[in-house]
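Some notes on the structure that comes next.
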Amino acid sequence: MAGSTPFQTPDATGFKNAYLNIEAPLHRDTTTLGLLVQALCNSGTCPNTVYMDADLTYNSAYSLDVLRRNKAVLQGYNVKMGIDMADQCTGSDPTGCTVNMTSDASSLYKITRTADYTPNVLFEESMLNIAPFLIRNGIADANTKLRFETYFRRPIEIRDGVAEYKGHTYSYTLNRVFNEVLIPNGLAQ
């Protein structure tokens, strides 16, 4: 089965395995990205940065491969790559989900935490794992722009709850990412 695409695998089990494990990626997304950036640059509207949004927990090795390929294509046009730094736990995940990194930084995975973890603490833990994962795998570097955002209701804060000095808030978490991850790695000042 190794190296087969789902369309070359006639049996249901082989198809499912080839599809879920992305055994033979075609990288059409990278090809399309290259054609789009080429067209934009040829028309005089070359972008400064193109942001990537990847599910890093689905298949980390594949996601890293795609990000490396996309980064190389963009560098060929002198365009920066940006990463949408978002919590990979979604509305369909358990409320106690956070993203952790393996000790060798080869992959990210979701883990369910106990009920005494607030959504804000979970968001903070995820961000403090995703940033070093991207750095250690050569995706985030001095030429990469990072855009922090949240897709869902994590962290939860409104009105006077939004403050850098209040632990586990969005701004507090971003300060931790900058102070503990980005600045020590020379990626922010």
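The values are calculated or read from the model by the stated rules, or taken from the named source; none is laboratory data. These numbers come from a predicted model, not from an experiment. To get the accessible areas, we keep the full protein, side chains included, count just its heavy atoms, and leave off ligands, DNA and RNA. Shrake-Rupley method; radii C 1.70, N 1.55, O 1.52, S 1.80 Å.
Over the Cα atoms of segment 67-142, what is the Rg over Rh ratio if Rh follows Kirkwood?
Rg/Rh for segment 67-142 comes to 1.06.
Given a 1.4 Å probe and heavy atoms of the protein chains only, how would you sort 148, 123, largest accessible area at the top?
On the way: 148 35, 123 0 Å².
Solvent-accessible surface, decreasing: 148, 123.
Just the Cα atoms of segment 28-114, one point each, no solvent: what log10 I(q)/I(0) does Debye give at q = 0.12, 0.18 Å⁻¹?
Summing over Cα pairs of segment 28-114 leads to -0.46, -0.82.
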